[in-house]
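The values are calculated or read from the model by the stated rules, or taken from the named source; none is laboratory data. Keep in mind that what you see is a predicted model, and the values were worked out from it rather than measured. Reconstructed Cβ throughout: ideal geometry from the backbone, glycine too, with neighbour counts over all protein chains shown. Each accessible area value is taken on the protein alone, full model and side chains, heavy atoms only, with ligands, DNA and RNA left out. Shrake-Rupley method; radii C 1.70, N 1.55, O 1.52, S 1.80 Å.
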Amino acid sequence: MPAEASITAAVLGSGTMGAQIALSLALGGAQVRLWGRRAEALPSAMARVETALDFLIENGLVDQKDRPNVLARVVSQGNIEIAASGADFIIEAVAEDLKIKQAMLERAEELAGETAVLSSTTSALSATALQEELQRPERFCIAHYAQPAHLIDLVEVVPGAQTSESTTEFVTRLL
C-alpha cells in the first residue's frame, strides 16, 4: 500500500458528506478528486469545501497561509474514469442504498488499480454485503465519518468478513 503522505484519493459523491470528506483528506495532505455525477453540481461542492475550510481558518484550526495549498489539493471532476483512475484510496458517499453503493464500488474497482483501497461512508449498511460483488473484497472496508467530517476527528472503520487486516490498518492510518 502507498505511503499515506503521497495518497491520491477519489471521493465519489459531491454532496455535503463528499465535500467534507474531500476537505478532510486534503487537510491530511492527500491529492483529492471530488467526483459528482452532475457537472453542474460541482461548483457548489467546491464552494462547500471552501466554506468549510474558511470556517476552520476563522476558528484558528487551520492557518490562513495553508488555504491555497489545501484548496489546490482538491479538484472537482465530472468524469468518473478520471476521478478513480490511479487513485490509492476511493471512498463513495452516494445515496444510502445497497444496490447503488455496490454498483458505484464495482465501477470504481474496475477503474482503479489493483492496489487501490475502496471504502464507503455508509452508516447503516453491512461492510460484508457491500464487498460481496467486488473482485478484490479484501481491499474494502467502511470508513463512516461523523458529521461534519472536516471538523470531528471520528471515523468508524468497519471491516467486512473478507477485508484484509492490512486494508483496515491502511484506512485507520490514513484517516
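If I filter segment 15-27 for residues that are within 23 Å of PRO148 (Cβ to Cβ) and open to solvent by 40 Å² or more (accessible area, probe 1.4 Å), do I get at least one hit?
Checked segment 15-27: at least one residue is within 23 Å of PRO148 (Cβ to Cβ) and open to solvent by 40 Å² or more (accessible area, probe 1.4 Å).
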Practice problem: Within segment 156-175, track down each residue that is over 14 Å from the mean Cα position of the chain (by Cα) and surrounded by 16 or more Cβ atoms within 10 Å (Cβ to Cβ). | Solution: VAL158, PRO159, GLY160, GLN162, THR163, SER164, THR167, THR168
Quiz item: Which one of these does LEU151 not meet: (1) part of a loop (DSSP other than H, G, I, E, B); (2) of a type in the set (A, V, I, L, M, F, W, C); (3) under 24 Å from ARG37 (Cβ atoms)?
Solution: (3)
Practice problem: Determine which member of the set ALA95, ALA83 is assigned to a loop (DSSP other than H, G, I, E, B), within 16 Å of the chain's Cα centre (by Cα) and farther than 22 Å from GLU169 by Cα. | Solution: ALA95
Exercise. Scan segment 69-95 for residues that are open to solvent by less than 30 Å² (accessible area, probe 1.4 Å) and small (Gly, Ala, Ser) and jot them down.
Key: ALA83, ALA84, ALA87, ALA93
Quiz item: So LEU105 clears everything in (1) in contact with a helix residue (DSSP H, G or I) (Cβ under 6 Å, 6 or more places away or on another chain); (2) part of a helix (DSSP H, G or I); (3) closer than 22 Å to ARG139 by Cβ; (4) open to solvent by less than 50 Å² (accessible area, probe 1.4 Å) except one condition, right? Which one?
Solution: (1)
Quiz item: For the subset of segment 130-155 comprising residues that are modelled with pLDDT of 95 or more, of a type in the set (A, V, I, L, M, F, W, C) and more than 14 Å from the chain's Cα centre (by Cα), which member is nearest to ILE57 (Cα to Cα)?
Solution: LEU130
